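A quick write-up on the structure given underneath.
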Amino acid sequence: MKKLIAMGILCLMITSSTTNLVGNLRTCGWTNENSLIDLKESYNGLADGEDKNSWIKEGATFCEELILKTTTFNELADMIPILKDVGVKLIELVPIWEHCNSFAPGLRWQVRNYEKLDPARGTEEDLSNFLDKAHAAGLKVITMFQIATTTPPSPVCRGRVAPWAQTIDYDREGIGGYLYQYQIAHRDKDILVRNLDGEYACEFNGFGLVVNPQSEDVIRIFKELYEREINGRGFDGLRLDHPAISYCFYGDTIWHGCEHCLCPDPAVPGNYSPLRLYRTLRSIKKPDQVFTSEDPCTYPWISDWACNYPHYRPFTDMDEVADISEDYVFTLIILRHYVLQNKISSDEFVKWLNNEPISYGRTRYRMWRNWNMFDFAPINFFLNDPRYFPTVTLLCTIPGVPKVTQWEIIEEPPEELLDWLGIKEIKYPVEDRRAHWKKVLNIRNNNDALKYGSIRNIWKSGDETYAYLREYGEERVIVVINFLNREATSTLDLSFLENGIVLYDMLNNETFRVENPCNFTISIPAYGSRILCSKENKPTVCIKKPSDGYLYILDREVIPTIFGNTIILGRITIEVGASDEEGIEKVEFYINGNIKFTDYNEPYSWLWNEFAMGSYEIKVIAYDVEGNEAEDRINVIALNFGGAELERNWKKSYFLRLNL
């Protein structure tokens, strides 16, 4: 009971600034001495990839969870095959170093000691092995520093925060965070910001003491840390956590959504923009590294802009230094309170995306939740709300980069959290969620129009769906999404297509002939989506067996695996579905790129029964009668001594078979 109560307090405290409609959304209305000079979209950023960092658009970003449980480096390494298979490109870690001892073991952003890894995470060797395994799989990894605040040794900020915030005791041992300790040991340095009363200034959301990012010593400290901990360990960049300044000047009115109050802490005497520090770190990053940011803006909280549509920020100065930024405006307001509730039309939504303030050719993350969102609404939504599936499709098919969390595709949330939230059932288990992410990301990652293309509305009339065209060069992809609880029928403007063209639904394996492009009518299942492209006479193919995330023993599907790996013990019959309007000529079966069998007749299958030990890629290629081809693949872990020995042992294993 004590554990549940403590966790409840934790959830209330941490999410107090994220569960509200616009809890963490701030304006950027101050005049900035470091304001952007050149906002040209041709700036050498992610738009053109000349600085070698466009890889971040090649797949989704995955972030681990923050609370209740510390994820070890070895556990992260075990996730890599799943993440690669799903379509993830970047793994984002919270800080990896020793952190202050709070009542929740997962609160790892409050760093105590950058000289030592968090022992709960694992050893130096474990971290090195994890990074090596990720890079060998073609995945990138970043982590983050705690720059904006530092942990006091006691809740000294109690009573000095905004009325909607609560002060959390992040350090039960009374030692304090890394920069607090440094300030106490070097009292002549300006490590922490002081208010007009001469006290260390408090971050008014209750996250600790405010760090002075313009201090030469702070800049030197993080520059040295970046060289040693990021470049030295082989990380692929840095997450710029909490860049929005959370202190205020005397007489300032600060806003929390549509609530406001006067500056609660004695005011600070000057401007402490973090941009100079971020510019310094960017100057020493390697060409193929990326900076991601929690927020596109450094100047927050001073306007009621979050109360009024379209909720755009006045400017986005973090685009100067961050290659990609999260923006809770989209997640907490536009997605949750407009799109999901059908309060804006398809045309209005596309206009919002096209006018979204983004500079320097950067981009934005698209996500349902982040690791700091663990209240009832976001958790219950992906566990029990059928609208989660069209939401995933939308996140993966609009401009930006999709972001997914550990509980969405790797494992279920902890039972103690579900109990506290009052969630009694799970309608859509992690296997179903992961399969949908994999299917949609596979489509996205293989279509440049969905990664780089423009977007325009094509919905014309009928039921209210979201229908848009993504276009990049000669490539076009049409997306139609239905959040309604019934089948929807919509008329689309496809006047850019020729009459009679055949569209292929890559998500549902269906085809549609366009007889009237200017008024093309299509139906979409309840809570369903369609991702359409011109068929181009390509066949369709999919591996039906083995299924993703299951254990197979001697050709028999047994149970789902714990971490989502596909594991095969002994022989297995690989079964394939393939179709084409003109007919299928043959299906080829490959193991690790080596052709093993060709099947010319339905049902297409091949018995894989040869020595195997380790990780393998099963690939199939289907050819139609005109020579067009399509492929599908799956990564598996296989153990087979050639068939005979394992089968003999299996037949002897009477009790094992009873339990299965």
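The values are calculated or read from the model by the stated rules, or taken from the named source; none is laboratory data. Being a predicted model, the structure only gives us computed values, none of them experimental. Note that we place each Cβ from the backbone using ideal geometry, even for glycine, and neighbour counts take in every protein chain shown. Only protein heavy atoms, including side chains, enter the accessible area calculation; ligands, DNA and RNA are left aside. Shrake-Rupley method; radii C 1.70, N 1.55, O 1.52, S 1.80 Å.
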| Expressed as a whole percent, how much of the Cα-Cα distance distribution for the range 99-151 exceeds 13 Å? | 67
| Neighbour cut-off at most 12 other Cβ (10 Å), DSSP loop, trypsin sites (Lys or Arg not before Pro), the range 392-473 | Lys424, Lys427
| note | Net charge (Lys, Arg +1; Asp, Glu -1) of residues whose beta-carbon lies under 14 Å from that of Leu139, Leu139 excluded, is -4
| query | Any idea how many Lys pairs in the range 136-290 come in under 21 angstrom at the alpha carbon, given 8 or more places apart or on separate chains? | reply | 5
| request: Mind giving me the nanometre distance, one decimal, between the label points for Gln341 and Lys286, set 7 Å out from Cα along Cα→Cβ? | output: 4.7
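In terms of solvent-accessible area of protein heavy atoms at a 1.4 angstrom probe, what is the ranking of Leu93, Leu421, highest value first?
Most to least solvent-accessible, the answer reads Leu421, Leu93.
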| Computed P(r) (all Cα pairs; the range 204-253; 5 Å bins; percent) | 4, 15, 20, 21, 18, 12, 6, 3, 2, 0
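So what is the orientation-averaged projected area of the chain, using the convex hull of its C-alpha atoms, in nm²?
30.8
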| Which is the longest part of the chain that has none of the chymotrypsin sites (Phe, Trp or Tyr not before Pro) sitting in a DSSP loop with at most 11 other Cβ atoms within 10 Å? | 1-599
| note | At the level of C-alpha centres, the distance separating the range 473-538 and the range 174-247, in angstrom, is 52
| query | What percent antiparallel are the DSSP beta bridges of the range 184-322, to the nearest 5? | reply | 65
| request: With a 1.4 Å probe and every protein chain left in place, tell me how much accessible area Cys518 has, in Å² to the nearest 10. | output: 60
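Tally the DSSP beta bridges in the chain and give the antiparallel ones as a percent, rounded to 5.
The answer is about 75 percent antiparallel.
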| request: Counting helices only, and only those DSSP H runs with n ≥ 4, report the 222 nm mean residue ellipticity of the chain as the sum of -39,500 (n - 2.57) divided by its residues, in deg cm²/dmol to the nearest 500. | output: -6500 deg cm²/dmol
| note | For the range 216-305, dividing by residue count, accessible area per residue (probe 1.4 Å) in Å² works out to 33
| field | Listed pairs Lys451/Lys619; Lys351/Lys538; Lys427/Lys544; Lys57/Lys538; Lys544/Lys596; Lys427/Lys451 exceeding 29 Å between Cα atoms | value | Lys351/Lys538; Lys427/Lys451
| field | Cα-based Rg / Dmax (Å) for the range 379-436 | value | 11.9, 37
| task | Please give, to one decimal in nm, the separation of the simple spin-label points placed at Arg486 and Met613, each 7 Å out from Cα toward the Cβ. | result | 6.1
| query | What is the magnitude of the charge dipole of the range 60-190 about its Cα centre, with +1 placed on the Cβ of each Lys and Arg, -1 on the Cβ of each Asp and Glu, and no other charges, expressed in debye to the nearest 20? | reply | 420
| Exposed GluC sites (Glu not before Pro) absent: longest stretch of the chain, with sites in DSSP loops and at most 13 other Cβ within 10 Å deemed exposed | 174-424
| said: Can you tally the net charge around Ser490? Count Lys and Arg as +1, Asp and Glu as -1, for every other residue whose Cβ sits under 12 Å from the Cβ of Ser490. | reply: -2
| Expressed as a whole percentage, what fraction of the accessible surface of the chain belongs to carbon and sulfur atoms when a 1.4 Å probe is rolled over the protein heavy atoms? | 49
| How big is the charge dipole of the chain about its Cα centre, in debye rounded to the nearest 20, if each Lys and Arg gets +1 on its Cβ and each Asp and Glu gets -1 on its Cβ? | 960
| said: Using a Förster radius of 51 Å, what is the FRET efficiency between Arg513 and Glu431 based on their Cβ-Cβ separation? Nearest 0.05, please. | reply: 0.90
| task | Would you kindly compute the Cα radius of gyration of the range 321-479 and its largest Cα-Cα separation (Dmax), both in Å? | result | 16.2, 51
| request: Lys and Arg at +1, Asp and Glu at -1: add these up for the other residues within a Cβ distance under 14 Å of Asp188 and post the number. | output: 0
